[in-house]
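Before any comments, here is the structure.
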Amino acid sequence: MSRTAHIVGWGKYVPSRVLTNDDLARMVDTSDEWIRTRTGIVERHIVNEGETTASMAVRAAREALQVANMKPADVELIIVATVTPDHVFPSTACLVQDALGATRAAAFDLSAGCAGFIYGLSVAADLIAGGAYKNALVIGSETLSCITDWSDRATCVLFGDGAGAVVLQANDADGGVLASILGADGSGGGLLYLPAGGSRLPTSHETVDQRLHYLQMKGREVFRFAVEIMPEATRDVLKKAGLTLADMSILIPHQANQRIIESAARALGVPQDVVYSNVARYGNTSAASIPIALCEAVEEGRIKRGDLVVCVGFGAGLTWGASAIRWSVPLPPAPLSRWKKAWYQLHYRYVAIRSLVRRFIRWFFARGVEE
Ligand code: UT7
């Protein structure tokens, strides 16, 4: 029996603010009918004032830790997949580590576009299987609304904000993350990218005036890539796990466009109801879309113990990836006692104070050095 990483906790967070297709039709030259028929999207969630990629990641992670009944101090690794970090540095993962009080965790961000969550899951699962860590948090969190050009109808109708998280734990039992495949083709980098703000085109008045801090996409070409790579990656990961399409209980694809999801189902020859979709309610939340969809599939009773879950994604890079997971924990999860819930609340209050005190001590001694 070999050690594998098992998903033992899951959580999601989406902002309360909803932007409907009709809202968008009042902002740009589009219509509810066009958006629904071309993308399947009906509404998306957008951050409220003060919400960020880190704050959403923390909310999703807290939920995932509660489901896992795990203390933040037991987490040894935090990976945040995102293309919209709070800052270029420090990493969003470090902000999450601080807010959770995950004092024993290594933390880093990972940039692999909409395939970021699969990349994170694969890296964390392999580190766990190799014995480096026992418990890891993998989070996908995005505030795409801050890099969306709200005057560009070709892109602004597609994206939304949100976060999803899973807790991975080492276990010798059967199941868990059985196999993952990852891929990249940098020659397609120009199909979906953020032109300015990096070392190639640092922020300047010109980059702001030319609206180069908004994502740009060649939609049709990304679409073509997506419909080819989704079935291919799904088949590849099943092959690597020594399984077939007939073994697959549910496919959780990146939620970019209902037409892409349906095309993947047709190409694989699986019924549409095997392929999970919630793109109508959230739009494309990039690295957050797969963990949000996974959480909702669990909450809706679409996954049960023993099921073979395949997650597959593609995105900016270009990147792609897929993971085959044998679901190994009973569902629904055991509810937390009142005391445990109170413990979590107290813990997060203590952690916030602890962080403030540490900042104060740093400020105080830095003042001493300056003087
Ligand atoms: O996570 C990965 C990120 N991205 C993706 O997965 C996106 C992949 N691509 C797509 O989902 C689709 O290509 C889109 C939804 C972006 C576009 O759908 P499409 O069927 O490929 O439309 P199109 O780009 O070929 O545009 C068709 C027409 C154009 O008008 P003309 O040139 O035919 O007169 C567009 O100007 O639709 C027009 N159009 C719109 N019309 C109303 C483009 N956006 C809109 C809009 N409302 N929002």
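At-a-glance table
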{"quantity": "Magnitude of the charge dipole, the stretch 4-326, Cβ model with Lys/Arg +1 and Asp/Glu -1, debye to 20", "calculated": "460"}
{"quantity": "Cβ-derived FRET efficiency at R0 30 Å, Thr203 paired with Phe364, nearest 0.05", "calculated": "0.35"}
{"quantity": "Segment Arg36-Ala73, length gained on full extension (0.36 nm per residue, minus Cα span)", "calculated": "8.9 nm"}
{"quantity": "Computed lengthening from Phe89 to Arg266, 0.36 nm per intervening residue step minus Cα-Cα distance", "calculated": "59.5 nm"}
{"quantity": "Rg/Rg_globular for the chain, with Rg_globular taken as 2.2 N^0.38 Å and Rg from C-alpha atoms", "calculated": "0.98"}
{"quantity": "Considering only the stretch 12-112, percent of DSSP beta bridges that pair antiparallel, nearest 5", "calculated": "45"}
{"quantity": "Highest-first arrangement of 65-76, 20-31, where packing means the average Cβ count within 10 Å", "calculated": "65-76, 20-31"}
{"quantity": "Dipole of the stretch 4-326, positive direction: furthest Cα of Ile181, Pro195, Ile46, with charges on the beta-carbon", "calculated": "Ile181"}
{"quantity": "FRET efficiency estimate (nearest 0.05) - Cβ-Cβ, Glu300 to Leu245, R0 22 angstrom", "calculated": "0.50"}
{"quantity": "Beta bridge orientation in the chain: antiparallel %, DSSP, nearest 5", "calculated": "70"}
{"quantity": "Value at 222 nm in deg cm²/dmol, rounded to 500, when DSSP H runs of n ≥ 4 in the chain each add -39,500 (n - 2.57)", "calculated": "-12000 deg cm²/dmol"}
{"quantity": "Filtered chymotrypsin sites (Phe, Trp or Tyr not before Pro), the stretch 141-240: DSSP coil and at most 15 other beta carbons within 10 Å", "calculated": "Trp150"}
{"quantity": "Candidates Gln169, Gln210, Gln97, ranked by Gaussian network fluctuation over the chain, Cα under 10 Å, top entry", "calculated": "Gln210"}
{"quantity": "Rounded to whole Hz, the Karplus (6.51, -1.76, 1.60) HN-Hα couplings of the stretch 306-323, x for glycine and proline", "calculated": "x, 5, 9, 9, 10, 9, 9, x, 8, x, 4, x, 6, 9, 7, x, 8, 10"}
{"quantity": "Those residues of the stretch 90-128 whose amide nitrogen sits under 17 Å from the label point placed on Arg349, 7 Å along Cα→Cβ", "calculated": "100-101"}
{"quantity": "Packing rank of 9-16, 349-356, where each peptide gets the mean count of other beta carbons within 10 Å, highest leading", "calculated": "9-16, 349-356"}
{"quantity": "Qualifying lysines (Cα of each under 18 Å from Cα of Lys134; at least 8 residues distant if same chain)", "calculated": "Lys71"}
{"quantity": "Kyte-Doolittle at least -0.5, axis length at least 18 Å by Cα - qualifying DSSP helices, the chain", "calculated": "53-68, 116-129, 219-240, 338-370"}
{"quantity": "Amide H contacts of Ala112 (H built 1.01 Å from N, under 5 Å, at least 5 apart or other chain)", "calculated": "Thr82"}
{"quantity": "Extension gain (nm, one decimal) between Ser151 and Ala184, 0.36 nm per residue minus Cα-Cα", "calculated": "8.8 nm"}
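Bear in mind these aren't lab numbers, they're just calculated from the coordinates by the rules spelled out. Everything numeric here is computed off the predicted structure, so don't read it as measured data. Virtual Cβ from ideal backbone geometry, glycine too; neighbours counted across all protein chains shown.
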